[in-house]
Amino acid sequence: MGKKWLNIVYKEKNSTRLKKHYREWADGYDSDLKDWGYAYPSKVKQILEKYISIKKGSKILDAGCGTGYVAEVLKALRYNNIVGIDYSKDMLRVAHSKKIYKKLVCESLSKKTSLKGSQFDLVICTGVLTSGHVGPSSIKELIRLTKPGGYLILSISEKIFSKLGFKRELEKRSNEFNYIKLSKPFIALPNHKDSARSRMHTLQRV
Ligand SMILES: C[S@@+](CC[C@H](N)C(=O)[O-])C[C@H]1O[C@@H](n2cnc3c(N)ncnc32)[C@H](O)[C@@H]1O
């Protein structure tokens, strides 16, 4: 059953229809991603262990948190002050059941959110800055939410990095952050034949 979803969600251009797809996929998402060998959780873990240093009680935003699959790694690393935001209440229902998050917010990242700015020590956004989901203009919002000196970990697929304007947006805002680490390209879902190559962008807000 799971195989179809990857192409459906990444080909969808309409945000309302995309939300409906996630409603249908929510309960099967974790097991599909596990089968496909989802690489982002281990990449995030590696970045937290090697490249950035934040305290266990640091305030973390999981932007486009979905079911909380990536935040499970944060929990295993003993981070306990995590807020999740996603526009799909169905994905959030699964996230809520895991008891990882201090707070879950159901809102779109495609416009300015209701969250207070400069409050997070770390903003993580995996699998979200991509076609049909959240566009480059939202990078401004992710930076706004990060404390000066705080970090952002963003996954962006190589295929759309230039094409959809993510490269241009990061260049335009390059005075707002320093690059801590740009990973080598890797296959995000090694066990799925249609998986894209991605990179992790680790930034520190100035
Ligand atoms: C591929 S999932 C990634 C979930 C999680 N970050 C992970 O890595 O497993 C993409 C998520 O982005 C959310 N999403 C898509 N468009 C959004 C928007 N405009 N605002 C907030 N969340 C959005 C979807 O509801 C979905 O949960």
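Before moving on, here are some points about what is shown:
- Structure note, pairs Lys59/Lys167; Lys99/Lys167; Lys13/Lys112: Cα-Cα distances above 29 angstrom occur for Lys99/Lys167.
- Counting beta carbons within 10 Å around each of Arg205, Arg197 and listing the fewest first gives the order Arg197, Arg205.
- Exposure proxy ranking for Met91, Met200, based on other Cβ atoms within 10 angstrom of each Cβ and starting from the fewest, stands as Met200, Met91.
- The chain - mean residue ellipticity at 222 nm from DSSP helices (-39,500 (n - 2.57) per run, n ≥ 4, rounded to 500): -10500 deg cm²/dmol
- Among His96, His201, the ranking by other beta carbons within 10 Å of each residue's beta carbon, starting with the fewest, stands as His96, His201.
- Shown for the chain is the translational diffusion coefficient from the Stokes-Einstein equation, using the Kirkwood radius over Cα pairs, a temperature of 4 °C and a viscosity of 1.567 mPa s: 77 µm²/s.
- Largest GNM mean-square fluctuation across Lys172, Lys112, Lys103, computed for the chain with C-alpha springs under 10 Å, falls on Lys172.
- Cα gyration tensor shape of region 32-88, rounded if a/c is under 1.5, else prolate or oblate by comparing a/b with b/c: oblate
Readers should treat all values here as calculations from the given coordinates under stated rules, not as data from a laboratory. Nothing here was measured: the structure is a model prediction, and the numbers come from that model. All Cβ positions, even for glycine, are placed from backbone atoms using ideal geometry, and neighbour counts span all protein chains on display.
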